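Remarks on the structure that follows.
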Amino acid sequence: MRAIGLMISCVQPGSRSGVYGMMQMPIEDWQGPRLLAEGFRPFFLAAGASAVAGVALWVLSLAGVIELDTFLAPVAWHAHEMIFGMAAAAVAGFLLTAVPNWTGRLPVRGWPLAGLVAIWLAGRIAMVLNVPGMGVVAAVVDLLFLLSLAGVAFREIAAGRNWRNLPVIAALVMLLAANGVTHAEALGYLNDDGTGLRLGVAVLIVLITLIGGRIIPSFTGNWLAKQVNEARPRAFGPYDRVCLIVTSIALAGWSVAPDSSAISVTLITAGVLNGGRLASWRGHRTLGEPLVWSLHLGFFWVPIGLIMLGTSTFMSAVPTSAGVHALTAGAIGGMITAVMTRATLGHTGRELHADAVTAAIYGLVFVATVFRVGAGIAPGMFIEMLVASAAAWCGAFLIFCVRFGPHLAGR
């Protein structure tokens, strides 16, 4: 309970040291490649590219077009790369941009940043190779990224004596532990029941309910304040704290005991509570600005996914995969695109407004999620829905790379 309270306290709205208080740092003094001036630049681009590769390669393998010969089974490789490749890169971009504003120090840039990117890329390469003994090597290389990221973030927080944000490092350590369990399962050191992958999803969803629960009402309130006669969202309060505690307990339990009836009831309860939070944020009044409603659209899948996960224990018509993909493709994918586009525009000095092309990214991720969730519910159309989902997903992130890549690499 105390750990959750500390996590909540480190994201107080309006605080310069809050997780989402990512003010633009001056980079005029930076003489190197602009791509290496700030952490969000290479890592958001890496997240976009890996989102395309992780889905396209898996679907092509499933269709027999290519042979995906990794030491992990193709479906396990795909899941691993979405959680510990794509999502981890997005987390890195967000965190490395937030830390300087917590500490008042210059951002990690230049060769140190290039080194982190190189470690991340080495992990992605290692995960697609399958030669004798590669499993252990891939595990070491892959785990090194999250370990290095946690080390860099801790060093910066300690140097700036910004101890209130240490709980965010704990979340990174939990994600590292989840990746370690995944590798241990693949290597035969632990029973391979998917605990590591579930724990990875759980950590990311808890982060979304925590950080998203702060930035969504904050950004929504800021936008509504400019409109005529618009009430602002309800402030963060006891209801939100209870919701975060229940959600954390439910997802932790699901990670280790996914078939437990008691945990399933807790998941459903967490879903209903998060649905109540979302309804109170007045997202229906933000249809005029995609940068705002995209956050609501991404979070929409959190209650849907939690309720589906819990219901799957009691109803065979709702498979576990439907709930999992509502959380992964919908909540994680949706929130990543919403945050990456907004942060890129803001931190490159552009107007905080999403054009039609950017709005298409959000729409395609939503469509991809609908088809992927539907593929589990309607097995007779599994292949058709899977292909449609993959096409929409890859299209969304390809558009992101093409549309925002020049911003990330330049000014």
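If you go through the range 343-390, how many residues are of a type in the set (D, E, K, R) and closer than 21 Å to ALA322 by Cβ?
Filtering the range 343-390 down to residues of a type in the set (D, E, K, R) leaves 350-351, 355, 372, 384.
In the following step, the residues that additionally are closer than 21 Å to ALA322 by Cβ were identified as 372, 384.
Total meeting the criteria: 2.
Grab the helices (runs of 4 or more DSSP H) fully contained in the range 150-261, keeping just those with 2 or more residues being under 24 Å from GLY298 (Cβ atoms) and more than 21 Å from the chain's Cα centre (by Cα). Those helices (runs of 4 or more DSSP H) span 213-224, 238-256.
In the range 116-149, what count of residues is obtained for those that are part of a helix (DSSP H, G or I), without any contact (Cβ under 8 Å) to a residue 24 or more places away in the chain and surrounded by fewer than 17 Cβ atoms within 10 Å (Cβ to Cβ)? Can you show your working first?
Initially, the range 116-149 is screened for residues part of a helix (DSSP H, G or I), giving 116-126, 134-149.
The next check asks that each one be without any contact (Cβ under 8 Å) to a residue 24 or more places away in the chain; those that pass are 118, 122, 125-126, 137, 140-141.
So of that shortlist, the ones also surrounded by fewer than 17 Cβ atoms within 10 Å (Cβ to Cβ) come out as 118, 122, 125, 137, 140.
Qualifying residue count for the region: 5.
Determine, yes or no, whether LEU143 is of a type in the set (A, V, I, L, M) and under 18 Å from GLY85 (Cα atoms). In short, yes.
Residue by residue, here is whether (1) under 13 Å from the mean Cα position of the chain (by Cα); (2) of a type outside the set (S, T, N, Q); (3) open to solvent by 10 Å² or more (accessible area, probe 1.4 Å) holds:
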site: VAL324; (1), (2), (3): no, yes, yes
site: LEU327; (1), (2), (3): yes, yes, no
site: ILE336; (1), (2), (3): yes, yes, yes
site: GLY349; (1), (2), (3): no, yes, yes
site: ALA368; (1), (2), (3): no, yes, no
site: PHE371; (1), (2), (3): no, yes, yes
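Candidates in the range 60-94 are the residues that are β-branched (Val, Ile, Thr) and either open to solvent by 20 Å² or more (accessible area, probe 1.4 Å) or not in a helix (DSSP H, G or I) (or both); of these, the one that is nearest to THR341 (Cα to Cα) is VAL91. The lone criterion from (1) in a helix (DSSP H, G or I); (2) touching a helix residue (DSSP H, G or I) at 6+ places or on another chain (Cβ under 6 Å) left unmet by PRO406 is number (2). Within the option set THR103, THR97, being over 22 Å from LEU143 (Cα atoms), in contact (Cβ under 8 Å) with a residue 24 or more places away in the chain, open to solvent by less than 40 Å² (accessible area, probe 1.4 Å) and of a type in the set (Val, Ile, Thr) holds for one residue only, THR103. Restricting ARG241, ARG232, ARG282, ARG277 to residues that are open to solvent by less than 20 Å² (accessible area, probe 1.4 Å) and either modelled with pLDDT under 90 or basic (Lys, Arg) (or both) narrows the list to ARG277.
Mind listing just one residue for me: the one in the range 186-217 that is within 23 Å of ALA87 (Cα to Cα) and among the hydroxyl-bearing types (Ser, Thr, Tyr) and, of those, least open to solvent (accessible area, probe 1.4 Å)? So, considering only residues that are within 23 Å of ALA87 (Cα to Cα) and among the hydroxyl-bearing types (Ser, Thr, Tyr), the one least open to solvent (accessible area, probe 1.4 Å) is THR209.
Exactly one residue among THR70, THR103 is modelled with pLDDT under 90, β-branched (Val, Ile, Thr) and touching a Phe, Trp or Tyr at 6+ places or on another chain (Cβ under 6 Å), and that residue is THR70. Look at the range 311-332: where a residue is within 22 Å of TRP393 (Cα to Cα) and a partner is of a type in the set (Phe, Trp, Tyr), sitting 6+ places away or on another chain with Cβ atoms under 6 Å, you get ALA326/TRP301; GLY330/TRP301; ALA331/TRP301. Anything in the range 287-322 that is of a type outside the set (A, V, I, L, M, F, W, C) and either open to solvent by 40 Å² or more (accessible area, probe 1.4 Å) or in contact with a His (Cβ under 6 Å, 6 or more places away or on another chain) (or both)? List them, or say none. Residues satisfying the conditions are GLY288, THR313, SER316, THR320, SER321.
Among all residues of the range 152-165, there is at least one that is surrounded by 20 or more Cβ atoms within 10 Å (Cβ to Cβ), charged (D, E, K, R) and more than 20 Å from GLY54 (Cα to Cα).
The values are calculated or read from the model by the stated rules, or taken from the named source; none is laboratory data. The structure displayed is predicted, hence computed values, not measured ones. Please note: Cβ atoms are built from the backbone with ideal geometry, for glycine as well, and neighbour counts cover all protein chains shown. Each accessible area value is taken on the protein alone, full model and side chains, heavy atoms only, with ligands, DNA and RNA left out. Shrake-Rupley method; radii C 1.70, N 1.55, O 1.52, S 1.80 Å.
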